[in-house]
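What follows is one structure encoded as structure tokens, with my remarks underneath.
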Amino acid sequence: MQHNTLPDRLWLKILVGMILGVVCALMIEIKDPWREWIIFPGDLFIYLLRMVIVPLVLSSVILGVANAGSLDHLKRMGVRLFPYFVGTTIISIMIGIFLTSLFQPGITVDASTVEREFLTNNRDVFDNLTIPDRILSTIPVNQAQALLDKDMLQLVVLGIVTGIAFLTIKSKAVKTCRDICEFVQDMSMMIVNWAMMFVPLAVFSLMIKAISTMGMSGVLGIAYYALSVVCGLLCLLCLYLIIVTFVAKRDPLQFLKDIRSAQIVAFSSSSSSTTMPVSMNVAENKLKIDKKISSFSIPVGATVNMDGTALYQATAAIFLCQIFKIDLSVWETVLLIFTTVVASIGTPALPGAGLIVLTSILTSIGIPTGGIALILGVDRLLDMCRTTINVTGDLTAAAVMQQWMGKKKPKYERKSKDN
């Protein structure tokens, strides 16, 4: 897959756009019809994201499963690696849900004005369904209807089944279908890349729309939300260091020192995929991990192990639930966890992809997707932070696999200078 490139210093341009949007919204009273044109770039950006949700998620989930290589390969290392990835992802989601429920950043936002602007769709009702019915409702019996309704949970299940079929069927047609999926994913990400070209303008207009609607409480709520995400990511980093210490049997401080080059690339690029070559180099040369382990765990981790992204998506979902006064039932919370786990597995390891996949998660539990406009301004900065945690998680997993596969424990060498 080709890696799309983003404009230089995009995070800085987004930050400038966000600040200018807040200042203009607070200092200038914008009246119709000018307001409609000013918020147009932001609405256009949101519509472009919505346009590629279905093809991007479906193709990414299919390729995420198919990239395992073979069923035998998937079974041999996957029996250890996949449960580890799923386990840490579930923990990260629960951290995000817990911290957001504790801090309650959405409570600071006035929901009465927000609903008029952003509440564009009704919630799905699950209360009348039995548990067997709910399980059966995830099966895409009518694929065309699932596409038409944008039922993301059914599409994710369809993608998983299709990916397994790619690994099972021995036919030349599989390569053709896989090439089509790669093309669809590349095409979707290229559209996203085009949209990201004018994202500073979109952030400017969306901040005017949000602040003129919500007032200063919206600014404080979004800042509080961003703080909740960062606190969650720091908790996740501490969890990784605990795993490194007690499971991988390594010095956590030395581990952080060895992987910092990969973390820097991840933070600056916001892409686990772009960072992958650096991660593999760090794993083999710094962490002294066996090449057979690193060559499997790092690429699979860049596709499957998205703990930071999962935490962010869960935090954003609960934050928006708080804004729109939506109380999730136990079943809907379980559905949120399940959907976020599966969706994070299908998230492309590229900048901005997590924001698009978040839309599918919101759709699955009936949260208005228009609410994404509220968090768009800080998404780029949070994307850099969560990608850093994603890459740290990949290298932690490689170190754990080194220990579990019974390989010789590396001996750290103290050096005066880093290579």
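Where a number appears in this text, it was derived from the coordinates with a stated rule and is not lab data. Computed from a predicted structure; not experimentally measured. Here the Cβ positions follow ideal geometry from the backbone for every residue, glycine too, while neighbour counts run over all protein chains shown.
Listed values, structure above:
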read-out	value
Label point distance in nm, Ile169-Ile107, each placed 7 Å from Cα along Cα→Cβ	5.2 nm
Shape call, segment 192-342: gyration tensor on alpha carbons, a/c limit 1.5	prolate
Gyration tensor verdict on segment 148-192 (Cα atoms; rounded if a/c is under 1.5, prolate if a/b is larger than b/c, oblate otherwise)	oblate
At R0 = 25 Å, FRET efficiency that the Cβ-Cβ distance of Gln403 and Lys291 yields, to 0.05	0.95
Inter-label distance, nm, simple model (7 Å from Cα along the C-beta direction), Trp34/Lys325	3.3 nm
Gain in span if fully extended, Lys257 to Ile90, counting 0.36 nm per residue against the direct Cα distance	57.4 nm
Kirkwood estimate for segment 254-315, i.e. one over the average of 1/r between Cα atoms, Å	12.1 Å
Peptides ranked, highest mean first, by Cβ atoms within 10 Å: ranges 195-204, 236-245, 392-401	392-401, 195-204, 236-245
Loop-resident sites, segment 149-189, for trypsin sites (Lys or Arg not before Pro), counting at most 11 other Cβ within 10 Å (DSSP)	Lys170
